[in-house]
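FYI, it's all coordinate maths here, none of it is from the lab. Computed from a prediction, not measured in an experiment: that's the story for all the values here. Don't worry about glycine lacking a Cβ; one is built from the backbone with ideal geometry, like all the others, and counts go over all protein chains shown.
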Amino acid sequence: MKTPSPRLQLALKTLLGLSLALPLLTAQANETPKTLAGVKLVSAEETKKLLDGGVPVYDTRVAAEYAEKTIKGAKSLPYKEKSAKAVDFDASKDAFDLGKLPGDKAAPLVFFCNSGECWKSYKAAVLAQKAGHSKIHWFRGGMPEWSAKGLPTQ
């Protein structure tokens, strides 16, 4: 069998490298942003303190996930997502009941879902902010972080 030319070898190595890197690039592209202007990012411990202080904590995952396991004391408020997992998502494609949030738009509240690749809590925070809520906390680490810390669930 004839050895491929150096040019063909380089092309094959480049293709192999790209095929290995593509899943990593795609995964990172689907990650939620690390911050959201005007919204306070909180940890599991901070979320627990807020919850213990009477601040409503909203689980934006689907009802089945909430029923299976959620943060003890969290309220189910599913964000029904059909829009792209992107910062410039089209909220008109989604469904989220802002009417279930506190009437006092200055009251603090917390949103969470399943961490990095789950955009539901991010999108809920964006819509709540656009609706005039001013003390929004986003627990980006969500259920994975909460469970990893061994905090109470129901």
Summing +1 per Lys or Arg and -1 per Asp or Glu among the other residues with Cβ less than 11 Å from residue 32's Cβ gives +3
The answer for residue 41, listing residues at least 5 apart or on another chain whose modeled amide H is closer than 5 Å to its amide H, is 138
With +1 at each Lys and Arg Cβ and -1 at each Asp and Glu Cβ, the charge dipole magnitude of the range 32-148 around its Cα centre, to the nearest 20 debye, comes out at 140 debye
Checking the range 46-87 for trypsin sites (Lys or Arg not before Pro) in a loop per DSSP with at most 14 other beta-carbon atoms within 10 Å yields 69, 72, 82
With the convex hull built on the alpha-carbon atoms of the range 54-146, volume per residue in Å³ sits at 91 Å³
Going from the fewest other Cβ atoms within 10 Å to the most, one would list 121, 43 as 43, 121
Residues other than residue 133 with Cβ under 10 Å of its Cβ, Lys/Arg counted +1 and Asp/Glu -1, net out at +2
When the charge dipole of the range 32-148 is computed with +1 at the Cβ of Lys and Arg and -1 at the Cβ of Asp and Glu, the Cα pointing farthest to the positive end, of 44, 147, 127, is that of 127
